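Taking it in order: structure first as C-alpha cells, then the write-up.
Please treat every number below as a calculation from the coordinates, not as lab data. Fair warning: this is a prediction, and the values are worked out from it, not measured in the lab. Here the Cβ positions follow ideal geometry from the backbone for every residue, glycine too, while neighbour counts run over all protein chains shown.
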Amino acid sequence: MKPKIILSRKLPDSSETRMRELFDAELNDDDTPFNRDQLTDAMRRADVLVPTVTDRIDADLIELAGPQLKLIASFGAGVDHIDLVAAKKKGITVTNTPGVLSEDTADVTMALILSVPRRLAEGDRLAKSGKWSGWSPTGMLGHRINGKRLGIVGMGQIGQAVARRARGFGMSIHYHNRNPVLEAVETELEATYWDDLSQMLRRMDIVSVNCPYTHATKGLLSREMLALLPAHAYLVNTSRGGIVDQSALGEMLAEGLLAGAGLDVYEDEPDIPKSLRQLDNVVLLPHIGSATIEGRHAMGDKVIINIQTFLDGHTPPDRVVPAML
Ligand code: 8YV
C-alpha cells in the first residue's frame, strides 16, 4: 500500500505526476483553498499532508489529526502558518522548502527597492493613461538609489541575496539580525551590523524586511519602530505582513511621515487595506516573491525528497520540527 499524501493546493504538473507515481497522492485540481472542515478531514486521513502558506494549521487542528499523520511537508519556506510546538507535541515532523526561492524573492525585493523611489509603477500608470504630456525637467522626479543606505532586517539567505544585488546598485549595506553573519560574508558585502534595530532604523534611507515570521518578529516594525525612520525613508516587505504594523504604516505614508513603501505581503492575505491601495507612493504586489516556474518546480522537488526520505526512515533534509524547536 502506498502512503496517502494529500495536497491542499494545485502544484506544478510535474511535481503532482511524480507524487502520483510514488505515493497515493490526492490532488486538488481546481486549486480552491481548503476550508477548515476540508483541512480537518485531510489531517484525519493523510499519512502526509502537503499544505501551503494559505492553510492555517493551528494547535486545534493538529489536535484533530489522526494518529497516522506523521509528516507535514509544507510547500514553501515560511512555516509560520503551522503551530510547530503543537506539531512537535503530537509527534508530527514538519518540513519546508528553503533555499530554492531565495534568489527569486531577492529579485522581487530589489525590484521594489528600485520601483518605489524611482516611481516606476506611477510612471507606468501615467504612460498607460494616455495623459502623459511629454518630458519635462521636473516631471516624475524620484530619488537616486546609488549611494543610499539599505537596512536589511533579517540577514539569512534572502537578506544576503538582496544585499548582493543592492551592492551592484551602489548601495551601502546595513543589517540587523539576531547575530552577526560570518565575517567572510560581512567583508564580501561590506555590511555593517546593528544589534540594536532602533539605532539602525534612524539612519537608513531604505529598509527591507527579510526575516522569518516568528514570535520574536511578530509586530517587530511596530508604530514606535516605524516612527524612528527618517521621513525620506522607504520600506520594503517581501517576508510576512505581520512583521510590520500595517495600519501604522498606512497612516504614516498618508501623512508624509514616510516617503513610500513596496509590499508583497500583508497581515491578512488576500485582504489589502484600502488605506494602502489608495496611496500613490506605494507599490503593491500580490505575494509573488517566489512565483517563478523554476522556483515552483524546485519547491515541488524538495517536497518530494522530504517525503521520500522521511518514509524511508531517514531525517528529511529540510526538517523544521523537531529539529529547530
Ligand atoms: C511561497 C512564501 O510561495 O515560501 C514562502 O514562505 O512566502 C512564498 O513565497 C508560499 O509560501 C508557498 O506556500
Against the definition (within 16 Å of the ligand (Cβ to nearest atom), surrounded by 13 or more Cβ atoms within 10 Å (Cβ to Cβ) and more than 23 Å from V209 (Cβ to Cβ)), how does I307 come out, yes or no? yes
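Would you say F34 is out of contact with any Gly (no Cβ under 9 Å at 6 or more places or on another chain) and either buried (at least 16 other Cβ atoms within 10 Å of the Cβ) or of a type in the set (F, W, Y) (or both)?
yes
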How many residues are within 26 Å of Y266 (Cα to Cα) and surrounded by 14 or more Cβ atoms within 10 Å (Cβ to Cβ) when one looks only at the stretch 169-188? 5
Residue under question is P270, and the condition is that it be farther than 25 Å from A161 by Cβ and within 16 Å of the ligand (Cβ to nearest atom); does it hold? yes
When restricted to A166, A191, A161, A231, the only residue loosely packed, with under 14 Cβ neighbours inside 10 Å, without any contact (Cβ under 8 Å) to a residue 60 or more places away in the chain and not acidic (D, E) is A231
Which listed residue is over 23 Å from A25 (Cα atoms), out of contact with any helix residue (DSSP H, G or I) (no Cβ under 6 Å at 6 or more places or on another chain) and near the ligand (Cβ under 10 Å from one of its atoms), from D60, D80, D104: D80
Could you tell me whether any residue of the stretch 265-277 is basic (K, R), within 24 Å of T214 (Cα to Cα) and not in a loop (DSSP other than H, G, I, E, B)? no
Which one of these does G123 not meet: (1) surrounded by 16 or more Cβ atoms within 10 Å (Cβ to Cβ); (2) not in a loop (DSSP other than H, G, I, E, B)? (1)
Out of (1) closer than 19 Å to T214 by Cβ; (2) assigned to a helix (DSSP H, G or I); (3) not charged (D, E, K, R), what's the single condition that is false for G78? (2)
Subset of the stretch 278-304, residues within 12 Å of the ligand (Cβ to nearest atom) and of a type in the set (V, I, T), comes to I288, T292, V303
Failed condition for D264, given (1) surrounded by fewer than 15 Cβ atoms within 10 Å (Cβ to Cβ); (2) under 15 Å from the mean Cα position of the chain (by Cα); (3) not basic (K, R): (1)
Sole residue being assigned to a strand (DSSP E or B) and either touching a residue at least 40 places away in the same chain (Cβ under 8 Å) or out of contact with any Phe, Trp or Tyr (no Cβ under 8 Å at 6 or more places or on another chain) (or both), chosen from V85, V94, V100, V53: V94
